[in-house]
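What follows is one structure encoded as structure tokens, with my remarks underneath.
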Amino acid sequence: MRPTIHQHQNRALTIHSILQQVFGYEDFIGPQQAIIEHVVAGGDALVLMPTGGGKSLCYQIPAIARARAGHGVTVVISPLIALMHDQVGALHEAGVDAAFLNSSQSTEEAGQIERQLLHGAITLLYAAPERVTTAGFLARLDSLHERGLLSMFAIDEAHCVSQWGHDFRPEYGALTVLHERYPSVPRMALTATADALTRSDILERLQLQRARQFVSSCDRPNIRYTIVEKHDAIGQLLHFIGSEHAGESGIVYCQSRRRVDDVARILCERGIAALPYHAGLDAGLRQSNQNRFLAAESMVMVATIAFGMGIDKPDVRFVAHLDMPKNIEGYYQETGRAGRDGKPADAWMCYGLNDVVNQRRMIEESTAAEEHKQGLRGKLDTLLALAEATDCRRVRLLQYFGEASKPCGNCDNCLSAPALWDGTDAARMLLSTVYRIRQLNDIGFGTGHIIDVVRGKTTEKVEQHGHRGLSTFGVGASYSERQLRGVLRQLISIGALSINPHDFNTLTLAQAARSILRGEVPIRLRQSAARPGARPDRPVRTALIRAAPGLDKPGHDRFVALKSWRAHVAREHNLPAYVIFHDATLEAIAQRCPRSLEDLQGISGIGQKKMQTYGEDVLRVLAEL
Ligand code: ADP
Ligand code: ZN
């Protein structure tokens, strides 16, 4: 039966008042309202929204609205046990009855939550998929269902169900039981990353074919994409942080655990607060580092890709990749952790010839089936093309996810069009050297040696193998080593050269070499601007507290006082500071300089519960200044 106009208006009123009263926000953003209306009315949904797009409210508001209407509990399935505590804490701060069940709890704690659950006292219950699908838990759900108190399922991070996604979790497959057992209970699946293939996989595996799909643009306009050529990665990183993000929070991704440890140590030595995170650290330390990062105003997390899923710290100002990731999905998801609060943020990557060689080698050395390797190679190629691109990075990124767009004006290439040079001659020199050496010695050589030969450097290896006699010896003496490395990188990226990992990473000509040798395909390279590295002897400047730019001096003092009060409350509640109030909320308070609770009314981020709990305290902090 179609809802009447009257019912429809009522529903819109209800969800809007929940938005304002519980969460303290004035208006919905993006497609939130449409999604929430659909779900409140009992519809199934697939929600694809970029990080920071406001997915949580899309199930939290329906959960609250439906619980108020007597439908009972919403079960939120999330793979991120480590973050449930903060998510539930944030709901408590807003006055919502929420709880979580996971393996970090004692049997007594879990038992108590289950009793509350059966009494219908919980609006949102967070649980991991392996917990939800146990016989014991399903029996509890049966009991709720029989009494009409099982309102809805929200499956977060739904891409985990797909083998095509990069976070495949087999436990997600078992979630079909929910649909089979409770066909009348609405379900929604939410994710931030899914290309078309992953999306159809989610629909099929979770049997959501009939669900309405809400697919938002995955663009993150506030993130500036920059990809630089690597020459001294750590020096470049120090310079990047020191010049653009001193005193702010960010994430630095590295390929290996050892590198994570090294980089974290070096940052600390240079006066930048940094913590390591990788699967080699013990679970307790990992968790405590994560908590410290979440709670901090100014902290750099140096991590392998083991870190980050579900991290909803809003004020991560940069994500840096010190090594190249495997594919665009991974890259986009990792960079997406920057700037969730919508304020300007940076995605910065530094990559070089070795990254290309390493990634290729890892694929070739893996034990995957040839067909799968082919897929991996294709994904790597697309990422390489992005890294080498001289046009808008964002256009390419969005295109990968099936969205057409115009040059963005907020990536390195848009902001300053790179100067190009014609590397076609150099490319031919390199390719014919590889070819001739194979002919002469019947063995291959690595990149360094090929460059030496082309530049005419007399090394031991050159003498030993008689490479001084090659017709290409020294033909490229006018090129710098760095230029030739750039050309080699492109040649490998476009498949003109391949790397044999089983033979000391030696180079061989590949398919695309022919047309380049014939001069049919030009090679254009960006002129590498010599970027300054950080002075190694100097500690990096660290700002104390970044002022909110819109505030005058007294406003800034109020802001600082509010932040320090917030830090105190957060510690007391054992929650990250942003769960108490976002920076933007404190900034608005500092701006308005309220004298009464009425003055506080209507500031974004202050719902009824927070007003009751903290309103007087905030006024007192300001009065004491
Ligand atoms: P996602 O899970 O999609 O990455 P979140 O649900 O964490 O995003 O929301 C991102 C940020 O936007 C959060 O800080 C949240 O409080 C804020 N937010 C969400 N919806 C609104 C809204 N309607 N008005 C103002 N802020 C919002
Ligand atoms: Zn651009």
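Worth a mention:
- Among (1) free of Cβ contacts under 8 Å to residues at least 40 places away in the same chain; (2) among the polar types (S, T, N, Q); (3) farther than 29 Å from LEU398 by Cα - the single one GLN33 does not satisfy: (3)
- Test: residue in region 18-26 that is at pLDDT below 95, more than 23 Å from the chain's Cα centre (by Cα), acidic (Asp, Glu) and surrounded by fewer than 21 Cβ atoms within 10 Å (Cβ to Cβ): yes
- The lone exception for TYR25 - which of (1) of a type outside the set (Gly, Ala, Ser); (2) out of contact with any strand residue (DSSP E or B) (no Cβ under 8 Å at 6 or more places or on another chain); (3) more than 11 Å from ligand 1 (Cβ to nearest atom); (4) over 24 Å from ALA211 (Cβ atoms) it fails: (3)
- Neighbours by Cβ (under 7 Å, 6+ apart or cross-chain): first from region 169-195, in contact (Cβ under 8 Å) with a residue 12 or more places away in the chain and over 18 Å from VAL39 (Cα atoms); second among the acidic types (Asp, Glu) and not in a loop (DSSP other than H, G, I, E, B): GLU171/GLU130; THR193/GLU329; ASP195/GLU329
- Residue count for region 163-205, restricted to those that are polar (S, T, N, Q), more than 16 Å from PRO50 (Cα to Cα) and modelled with pLDDT of 85 or more: 3.
- Region 354-401: number of residues that are more than 13 Å from TYR332 (Cβ to Cβ), under 21 Å from the mean Cα position of the chain (by Cα) and surrounded by fewer than 18 Cβ atoms within 10 Å (Cβ to Cβ): 2
- Just one of the numbered conditions (1) in a loop (DSSP other than H, G, I, E, B); (2) more than 10 Å from ligand 2 (Cβ to nearest atom) is not true of ASP391: (2).
- Among (1) over 29 Å from ALA389 (Cα atoms); (2) touching a strand residue (DSSP E or B) at 6+ places or on another chain (Cβ under 6 Å); (3) in a helix (DSSP H, G or I), the one test that PRO276 misses: (3)
- Selection of region 34-83 for residues being in contact with a Cys (Cβ under 6 Å, 6 or more places away or on another chain) and part of a strand (DSSP E or B) yields only VAL47.
- Region 320-333, subset away from ligand 1 (no atom under 14 Å from the Cβ) and not in a loop (DSSP other than H, G, I, E, B), residue surrounded by the fewest Cβ atoms within 10 Å (Cβ to Cβ): GLY330
- Here region 203-251 is the region considered, the condition is being crowded, with 22+ Cβ neighbours inside 10 Å and within 16 Å of ligand 1 (Cβ to nearest atom), and the residue that is farthest from GLN32 (Cα to Cα) is ILE251.
- Every residue from region 431-448 that is in contact (Cβ under 8 Å) with a residue 12 or more places away in the chain and within 21 Å of ARG485 (Cβ to Cβ): LEU431, SER432, THR433, VAL434, TYR435, ARG436, ILE437, ARG438, GLY444, PHE445, GLY446, THR447
One line per residue, one yes/no per condition, for (1) under 27 Å from GLN7 (Cα atoms); (2) in the same structural domain as ARG140 (by TED's automatic domain parsing); (3) surrounded by 19 or more Cβ atoms within 10 Å (Cβ to Cβ); (4) within 16 Å of ligand 2 (Cβ to nearest atom):
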site	(1), (2), (3), (4)
MET49	no, yes, yes, no
GLY52	no, yes, yes, no
VAL73	yes, yes, yes, no
ALA82	no, yes, no, no
VAL96	yes, yes, yes, no
THR107	no, yes, no, no
ILE113	no, yes, no, no
LEU124	yes, yes, yes, no
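- Here GLY271 clears all of (1) on the phi > 0 side of the Ramachandran plot; (2) in contact with a helix residue (DSSP H, G or I) (Cβ under 6 Å, 6 or more places away or on another chain) except the condition numbered (2).
- Residue in region 209-224 that is of a type outside the set (Lys, Arg), part of a loop (DSSP other than H, G, I, E, B) and in contact with a Phe, Trp or Tyr (Cβ under 8 Å, 6 or more places away or on another chain) present: yes
- Where helices (runs of 4 or more DSSP H) fall entirely within region 406-500, those with at least 2 residues that are within 16 Å of ligand 2 (Cβ to nearest atom) are at 412-415.
- Only residues that are of a type in the set (D, E, K, R) and either touching a strand residue (DSSP E or B) at 6+ places or on another chain (Cβ under 8 Å) or under 24 Å from PRO344 (Cα atoms) (or both) were counted in region 559-598, giving 5.
- Flag for VAL395 being more than 16 Å from ligand 1 (Cβ to nearest atom), closer than 26 Å to HIS245 by Cβ and β-branched (Val, Ile, Thr): yes
- Taking the listed residues ALA158, ALA135, ALA128, the one that is within 30 Å of GLN399 (Cα to Cα) and hydrophobic (A, V, I, L, M, F, W, C) is ALA158, with no other qualifying.
- Region 561-599 - residue that is of a type in the set (Ser, Thr, Tyr) and within 14 Å of ligand 1 (Cβ to nearest atom) and, of those, nearest to ALA90 (Cα to Cα): TYR578
- Filter result for GLY402 (within 16 Å of ligand 2 (Cβ to nearest atom), outside the structural domain of LEU484 (by TED's automatic domain parsing) and on the phi > 0 side of the Ramachandran plot): no
- ARG131, sole failed condition from (1) touching a Gly at 6+ places or on another chain (Cβ under 8 Å); (2) of a type outside the set (Ser, Thr, Tyr); (3) not in a loop (DSSP other than H, G, I, E, B): (1)
The values are calculated or read from the model by the stated rules, or taken from the named source; none is laboratory data. This is a predicted model, so every value here is computed, not measured. As a convention, Cβ positions derive from the backbone with ideal geometry for all residues, glycine included, and neighbour counts pool all protein chains shown.
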